[in-house]
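Here is the structure we will look at.
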């Protein structure tokens, strides 16, 4: 049996495929889903969703949202998503450094929130690169 996964962003359907397994970046930690999973609604954090197709893991960066699991269907509504085929590690590390500096310099609540989100996105790219290279 397989899972039907749909990742929907405000502007497009990012992913629509059958997979063997999925690991979601839930707000309470990593959440593994196999076929036959009980119904569930969960909040998603900024992070990497990993899907297993033909025994190979593929990463997709999610920018927060919600996932509903029911009857082997996983519907994921996200603020944004990015499929990943190749990541420049040096550029990703530079993005982490830049985001860390912006967070340290942030004064207002808005600046702190934006800098924190940018840092989490940059870390997600490094995590996705690790999935690609494993």
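Brief remarks on what is shown
- Qualifying positions in the stretch 119-134 - in contact with a helix residue (DSSP H, G or I) (Cβ under 8 Å, 6 or more places away or on another chain), modelled with pLDDT under 80 and crowded, with 17+ Cβ neighbours inside 10 Å: 129
- For residue 88, the conditions (1) modelled with pLDDT of 90 or more; (2) more than 17 Å from residue 4 (Cβ to Cβ) all hold with the exception of (1).
- Inside the stretch 1-23, residues that are under 19 Å from residue 42 (Cα atoms) and either part of a loop (DSSP other than H, G, I, E, B) or touching a helix residue (DSSP H, G or I) at 6+ places or on another chain (Cβ under 9 Å) (or both) make up a count of 2.
- The set of residues from the stretch 24-37 being over 12 Å from the mean Cα position of the chain (by Cα), without any contact (Cβ under 8 Å) to a residue 24 or more places away in the chain and outside any strand (DSSP E or B) comprises just one member, 28.
The values are calculated or read from the model by the stated rules, or taken from the named source; none is laboratory data. In this text, all values refer to a predicted model and were calculated from it rather than measured experimentally. With ideal geometry, Cβ positions are generated from the backbone for all residues, glycine too; neighbour counts draw on all protein chains shown.
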